[in-house]
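Let me begin by presenting the structure, written as structure tokens, before commenting on it.
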Amino acid sequence: MTAVFPSEEWLKGLETKLNTDGRYAEIAKNWEGDLFFFIEPEGNLKEQLTFYLDLWHGACRKVEYKPSTDAHPNPTFTLSATYNNITAILSGKLNPMTAMMTSKLKVKGSMGYMMRNVPTVLDFVRCAQEVTKEIL
């Protein structure tokens, strides 16, 4: 299933992809952590968007489109990027690790944990890229 990014349909498609992709399940089998993703308005995106994902041992237990930050007060990670930077990652024009190192993708949480789990991060991005049919 593919969908237009960013949309609730896209987020649900990503949840399905993460829960049915055997490669992701194997690579992410030791990952424990939920995250908020803030997409800052830029270009075609006129308002901030928020996604919540609960990732646990190679599965996605829950996603929420435009959730209240009060609903999940202490996520393991908070990621933020401008619309143009996140779409560059999703289209393969910007490497996600380069984006983190250059603060084009800002990460709050344990960078040590993130660095020890680079294969998981990269495979998560692969899954996100594969469900992205087109970008708004």
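The values are calculated or read from the model by the stated rules, or taken from the named source; none is laboratory data. Every value quoted in this text rests on a predicted model; they were computed, and no experiment measured them. Cβ: placed from backbone, ideal geometry, glycine included. Neighbour counts: every protein chain shown.
Which residue out of THR98, THR132, THR87, THR102 is hydroxyl-bearing (Ser, Thr, Tyr) and more than 22 Å from PRO41 (Cβ to Cβ)?
Every option except THR98 fails the conditions.
Search segment 7-56 for residues being at pLDDT 95 or above and among the basic types (Lys, Arg), and hand back the single one that is nearest to LEU79 (Cα to Cα).
Once the filter is applied, the top-ranked residue is LYS12.
Mind checking whether some residue in segment 95-113 is of a type in the set (D, E, K, R), touching a helix residue (DSSP H, G or I) at 6+ places or on another chain (Cβ under 6 Å) and buried (at least 19 other Cβ atoms within 10 Å of the Cβ)?
No: segment 95-113 contains no residue that is of a type in the set (D, E, K, R), touching a helix residue (DSSP H, G or I) at 6+ places or on another chain (Cβ under 6 Å) and buried (at least 19 other Cβ atoms within 10 Å of the Cβ).
Let me confirm something: among GLU15, GLU42, which residue is touching a strand residue (DSSP E or B) at 6+ places or on another chain (Cβ under 6 Å), over 23 Å from ASN117 (Cα atoms) and in contact (Cβ under 8 Å) with a residue 40 or more places away in the chain?
Result of the check over GLU15, GLU42: GLU42.
Please enumerate the residues belonging to segment 30-56 that are assigned to a loop (DSSP other than H, G, I, E, B) and either among the hydrophobic types (A, V, I, L, M, F, W, C) or under 21 Å from MET111 (Cβ atoms) (or both).
Passing the criteria: ASN30, TRP31.
Can you name every residue in segment 27-48 that is within 18 Å of THR87 (Cβ to Cβ) and either in contact with a Phe, Trp or Tyr (Cβ under 9 Å, 6 or more places away or on another chain) or among the hydroxyl-bearing types (Ser, Thr, Tyr) (or both)?
PHE37, PHE38, ILE39, GLU40, PRO41, GLU42, GLY43, ASN44, LEU45, GLN48
Within segment 3-41, work out how many residues are farther than 17 Å from LEU55 by Cβ, in contact with an Asp or Glu (Cβ under 8 Å, 6 or more places away or on another chain) and surrounded by 16 or more Cβ atoms within 10 Å (Cβ to Cβ).
2
Looking only at segment 114-136, how many residues end up being of a type in the set (A, V, I, L, M, F, W, C), surrounded by fewer than 16 Cβ atoms within 10 Å (Cβ to Cβ), closer than 18 Å to GLY33 by Cβ and more than 12 Å from the chain's Cα centre (by Cα)?
The qualifying residues number 2.
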